[in-house]
Amino acid sequence: MLSHIIVFLLLALSTILLLLKLFIRYERYSKPTRIDNKVVIITGASTGIGKACAIDLAKRGGKIYIACRDEPINEKAFEDIRRESGSNNIHFLELDLASLNSVHKFSEKFHQLESRLDILINNAAVLTTKKQFTEDGFELHMGVNYLGHFLLTNLLIDMLKSSAPSRIVIISSIIHRGCSLKHKDLMSDRYFNMFRAYGMSKLAITIFTQELARRLKGTKVTANCCHPGVVSTNITQELLGDTNSKIYSLMTKTPLEGAQNHIKLAVDPDLESVTGKYFEDCEEKEPSLEAKDIETAKWLWEISSELVSPNGKGMKFLEAHD
C-alpha cells in the first residue's frame, strides 16, 4: 500500500513540475540567419549549452572551433555535433581555462591556423562545492569562469578587430544580481562558499563585458553578455546526482533552449552594432548597479591584467577610452 502511495506522489510531483515548465518563459531565435564562411570559437562546447550552440551555428554554415580539454574524451561529442548539424566544418583545439599557459598555447595555435575570427563565445564555466585552485593559484570559479576568458579574449582581440564587424558573446548569470565583488577577497581566501564564489565570477564577467565594450568603441567589435536561464546541464547532474538531476530537469530549460541567447547575440543582424548589453530570454535587460559601475570596471580590468601576466610576458591589453 505504501509503495502505491509513493508512486502516486512521484507521478503527481512529476505532473506538477511539467506543468510548471510550461509557464517558464522560453524565447527562441527563429530567424534563418546564415553565417557561411564565418569562423567561430566556442569554449566548453563539448557538452550542454555550448554543444547545442555549436550544432546550431554549424547548421548556419559557420566554421566552428570547439575549445575544450581532453580531445579523446570528447570525440563522441564532436561526432554528435557533426552528425546533428550535417556539417564537417567542426574543429577541435585544446583549451584548459584553468591554465594561463594553455590559453596562450591555444591563441598561438589558432593564429597559425586562421587569419580571421568572426564570433567568440565565452561559454565554459565550472561550479564546484569544494574550494579548488587553478594551475596558477586562482580560486577555480574566478580563474576559469572569468580570468581564463579575460586572457583569451585579449589574446584574440587583434583577429576580431581585423575581421570586423565581429562579435564577442560572454555567458553571465542572473545570479550576478545578488553578489558583490570583494576587492580584498577576490579569490575567496578569507571565506569560501560555492555560490558566493560562482556569483562573484559571473558578476566579474558582467562587469568585464561593459568595460570591454567601452574599450572596443569604434572598432565594430561588439561585446555582450547573457543569462542562459535555469538549464539542466552536466554541472547540475554532478551537483545533484542522477535521480535529483532528472527531477530538476523536468522544470528547467534544455541545453538548446538555454543556447538561444548565445545564438541570437552571435548572429542576429539587428544586433550588429549593439554592444555592452546584458540579455535574458533573448531580450535586453538591466544588469545590477555594480555591474555598470565604471570605477569598479576600471579596477577589475587593471587587477585582472596584473593577475594574468604575472611575469611581465609583454601582454598588451586594450586601452581605455576617455
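None of the figures in this text is laboratory data; all of them are computed from the coordinates on show. Everything numeric in this text was worked out from a predicted model, so none of it was measured. Positions of Cβ are backbone-derived with ideal geometry, glycine not excepted, and every protein chain shown enters the neighbour counts.
The table that follows gives values for the structure above.
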| read-out | value |
| --- | --- |
| Taking the stretch 31-307 and dividing mean pair separation by its residue count, relative contact order in percent (alpha carbons under 8 Å, at least six apart) | 19 percent |
| Distance between modelled label sites at residue 272 and residue 75, nm, 7 Å Cα→Cβ extension | 4.2 nm |
| Euclidean distance between Cα centres, the stretch 175-226 to the stretch 267-290, Å | 16 Å |
| As computed over the stretch 91-212, the Cα convex hull volume per residue (Å³) | 107 Å³ |
| Net lengthening on full extension, residue 193/residue 285 (0.36 nm per residue, minus Cα-Cα) | 30.4 nm |
| Residue 133 versus residue 175: modelled label distance in nm, points set 7 Å from Cα along the beta carbon direction | 2.3 nm |
| Residue 279 long-range amide H proximity, modeled H, under 5 Å | 225, 226, 227, 285 |
| Per residue convex hull volume, Cα atoms of the stretch 260-305, in Å³ | 99 Å³ |
| Ratio Rg/Rh [Cα only; Rh per Kirkwood] for the stretch 62-118 | 0.99 |
| Where trypsin sites (Lys or Arg not before Pro) fall in DSSP loop in the stretch 117-214, at most 11 other Cβ within 10 Å | 130, 184, 190 |
| Scattering profile of the stretch 31-307 at q = 0.16 Å⁻¹ [log10 I(q)/I(0), Debye over alpha-carbon scatterers] | -1.33 |
